[in-house]
Amino acid sequence: MDKEQFKSNLFQTIQEAVKELKNKTILFTITPIKEENAKYNSTDDFARLWILTEKNLSKQFTLDEVVDLLALPNYKYPLWIKVILSERTNENIIFELRISMRFRTPTQLKHSEAGYPPFVYEFK
């Protein structure tokens with residue numbers, strides 16, 4: 001999986017969650033989730049210290065921005081990402097992405113059975 005496939009998987013997940021996306025601005029917020037009893041490696045530390053900083057996460061992202069932020073070099077992505085519809089207005093649809101703080105290769109990603117790894121839509 002490359003960045004384009006990662007982007008496609010995210011877009012297909014939100015399309016299944018919200019059928020009518022036309023004429024809406026789609027935005028995302030990111031919430032990293034620290035997992036108990038999980039083993040973190042140097043890639044995870046890099047992501048935590050340089051990418052998942054408060055400055056980077058204290059804003060809303062477009063689809064391309066969120067893909068650029070979460071797709072690490074060497075094809076590493078968050079192990080799992082829960083997509084949650086957090087706000088819907090006449091102009092905007094805002095999704096919260098609750099992400100694993102562990103970054104892994106495409107063969108290790110969760111939710112492949114759902115069809116769009118590592119994404120899964122979660123109802124609030």
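Listed values, structure above:
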item: Conditions (1) open to solvent by 70 Å² or more (accessible area, probe 1.4 Å); (2) within 18 Å of residue 120 (Cβ to Cβ); (3) in contact with a helix residue (DSSP H, G or I) (Cβ under 9 Å, 6 or more places away or on another chain): number failed by residue 4; result: (2)
item: Flag for residue 89 being in contact with an Asp or Glu (Cβ under 8 Å, 6 or more places away or on another chain) and over 15 Å from residue 16 (Cα atoms); result: no
item: Residue ID - nearest to residue 93 (Cα to Cα), chosen from residues in region 27-43 that are at pLDDT 95 or above and within 15 Å of the chain's Cα centre (by Cα); result: 27
item: Residue in region 117-124 that is among the basic types (Lys, Arg) and within 13 Å of the chain's Cα centre (by Cα) present; result: no
item: Total residues in region 110-124, condition open to solvent by 60 Å² or more (accessible area, probe 1.4 Å), in contact with a strand residue (DSSP E or B) (Cβ under 6 Å, 6 or more places away or on another chain) and either more than 17 Å from residue 11 (Cα to Cα) or among the hydrophobic types (A, V, I, L, M, F, W, C) (or both); result: 1
item: 3 or more residues open to solvent by less than 40 Å² (accessible area, probe 1.4 Å) and touching a strand residue (DSSP E or B) at 6+ places or on another chain (Cβ under 8 Å): qualifying helices (runs of 4 or more DSSP H) within region 19-109; result: 63-70
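The values are calculated or read from the model by the stated rules, or taken from the named source; none is laboratory data. Quantities reported herein were computed from a predicted structural model and do not represent experimental measurements. Neighbour counts run over all protein chains shown; Cβ positions are idealised from the backbone, glycine included. With ligands, DNA and RNA removed, areas are computed over all heavy atoms of the protein, side chains included. Shrake-Rupley method; radii C 1.70, N 1.55, O 1.52, S 1.80 Å.
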